[in-house]
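Nothing in this text is a laboratory measurement; each read-out follows from the coordinates by a stated rule. What you see is a predicted model, and the numbers here were worked out from it, not measured in a lab. Cβ atoms come from the backbone with ideal geometry, glycine included; neighbour counts cover every protein chain shown.
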Amino acid sequence: MTYTKEKMRRKKRTPKEGFDFSCLKGISLRNINSIILFPFFAALLNRVPYLSLPEMPIAYFLGCVIFWYIFVETTVRNNRFFDLHAAYRIALYAVVSVGIIVNSVVVYFISTDLLVFITPLFFTVAIITILIGFDEGAGVGLFLAFIASATYSFSLDAFVMLSIISFVSALATRKLTARISIARAGFFVGAVFVALVFARSFTESTFNWIQLSAAFINPVLSSIAVIGLLPYIEYVTRIYSNVGLLELGNLSHPLLKNLSVNAPGTYYHSVTMANLSEAASEAVGANAILARVGAYFHDIGKIKRPQYFTENQSGDNPHDRLSPSMSNTVINEHVQHGVELARKHRLPLLIEDIVRQHHGTRNKLFFYRKAMNEGSKKSEDFGYFGPKPQFRESGIVMLADSVEAAFKSLKNPTPGNIREIVAEVVEGIYNERQLDNSGLNLGDLEGIVDAFTRVLASSSRPRIEYPLEEPPTGVSDADNPPEQNDETGKREENT
Ligand SMILES: [Fe+2]
Ligand SMILES: [Fe+2]
């Protein structure tokens, strides 16, 4: 572009003096949709069976928009995964819409008098909390409590009770690791609901068995529906709960079995890395289950050409017969192939991200140097395609990958030199700015170095030498030769 053209382009972009457009900067189609259109749509959806607006329609619509913005949109904007994958927002909208339509239909066909007790609040709040998180689940619960109580003549009593139930539902379903815990949460919320109805009946001096039964049965039945629907939602959205992730991480997944048969070195490397990633995630408060399962799957792309990776070689190195540029292509392929396999097997979106990001944009220094030594003239790119890790668990897997490889090269692992090499690797990756988008800070990195050192030091502790069995008295040396004793001793040590 010539200087004149560039000057003209800049001139066109200069805003006219006299009017400041900065106030309109925050307004985009995305903002209009997430702040105004969706809550408006949800408010209308709630009125579908009635085909009429509630009393005070302006307060109803305005309340919906305000409640959605304060309790849902602000928490969603703090969640990194919503920026990474549109599937998160689509899933949120879909679950909330289904929750609202089920709520309004159930209430319309059963009895508006029972609204507070039969509204399937637990169903929606539990799904959002289990799949996305506590803040989002509790926020959606408050929004739904407002919508339901608006239908019930803006009853403050109904709003307070439903807000308590939605908060307790989110609390009871956060960080679950087993399906049975969802059923337990249903019973717990049912019990809390019954206690609230009791407390209310004392103040109003009325008692209604139907209300009491509905308050208990509603969360219990909802928990059964959540258990049944969760695997389908996970499969369709590829957003996995911790329960779903644990099922993937039980090492019986066909991809992991294939890896253990065709690339046993990589399989062992992944299992060791999983322990490192889990300990580091626990140390910094990240999702340890996601990091563990991500580590299991991070190198699944090596299934295709396992012999091109050091951990699977026994003597012969095919790279000796390849040019550095060819080696670079083959190694890059394990990331691309891994991503393809993750998509084909519908692994969680975040696991696919870990597969894609575990080398970031790092350089393959070995092949770069080899190319330079062979007198390569062209400046080739020996970096991975990236992107750099985009969330904490992905950054931790990247660190664990390099730390595990560096640890293997240690001749005499002692706690002192393990810490030294771990700190060196972590610092190197940090200085390469690979962790810039991961959300890990310097404090986290200190915790990660400690956790890695602890796991590696405990795994490299020498085993005590078992004493050789004394030959039984009366048996001659000829019957029990010393070579045999040595052999037995060695075998015992290696078990
Ligand atoms: Fe890799
Ligand atoms: Fe790896």
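Distance from the Cα centroid of segment 97-154 to that of segment 238-275 is 37 Å (rounded to whole angstrom). Using the average count of surrounding beta-carbon atoms within 10 Å as a protection proxy, the listed peptides 129-141, 246-258 rank, highest first, as 129-141, 246-258.
Label sites at Val271 and Ile58, each approximated as a point 7 angstrom past Cα along Cα to Cβ, lie 6.9 nm apart.
Under 18 Å from a point 7 Å along the Cα-to-Cβ line of Val261: which residues of segment 288-304 have their amide N that close? Correct set: 300-304. A dipole drawn for segment 134-245 from +1 and -1 charges on Cβ atoms has a positive end, and of Leu142, Pro219, Tyr240 the residue lying farthest that way is Tyr240. The charge dipole of the chain, taken about its Cα centre with unit charges on the Cβ of Lys, Arg, Asp and Glu (plus for the first two, minus for the last two), comes to roughly 2740 debye.
Each listed q (0.14 Å⁻¹) maps to a log10 I(q)/I(0) for segment 24-242 from the Debye sum over equal C-alpha point scatterers, namely -0.82.
Between their Cα atoms, which of Lys257/Lys364; Lys257/Lys302; Lys175/Lys388 are more than 24 Å away from each other?
Details: Lys257/Lys364 28 Å; Lys257/Lys302 13 Å; Lys175/Lys388 27 Å.
Violating the 24 Å Cα-Cα cut-off are Lys257/Lys364; Lys175/Lys388.
Annotation: for a label point projected 7 angstrom from Cα along Cα→Cβ of Val48, residues of segment 104-145 with backbone N closer than 14 Å are 104-109. Using the Cβ-Cβ distance between Ser155 and Ile90 with R0 set to 35 Å, the FRET efficiency works out to roughly 0.60.
Taking other Cβ atoms within 10 Å as a rough exposure proxy, Thr124, Thr329, Thr119 sort from fewest to most as Thr329, Thr124, Thr119.
Of the residues Phe71, Ala291, Phe167, the one whose Cα sits farthest towards the positive end of the charge dipole of the chain is Phe71 (charges of +1 on Lys and Arg Cβ, -1 on Asp and Glu Cβ, taken about the Cα centre). Toward the positive end of the charge dipole of the chain, with +1 on the Cβ of Lys and Arg and -1 on the Cβ of Asp and Glu, the farthest Cα among Pro413, Tyr88, Leu251 is that of Tyr88. With a simple spin-label model that places each label point 7 Å from the Cα along the Cα-to-Cβ direction, the separation between Lys344 and Leu365 comes to 3.4 nm.
Cα centroid separation, segment 337-411 to segment 183-214: 55 Å. Once the mean of 1/r is taken over each pair of separate Cα atoms and inverted, the chain shows a Kirkwood hydrodynamic radius of 26.9 Å.
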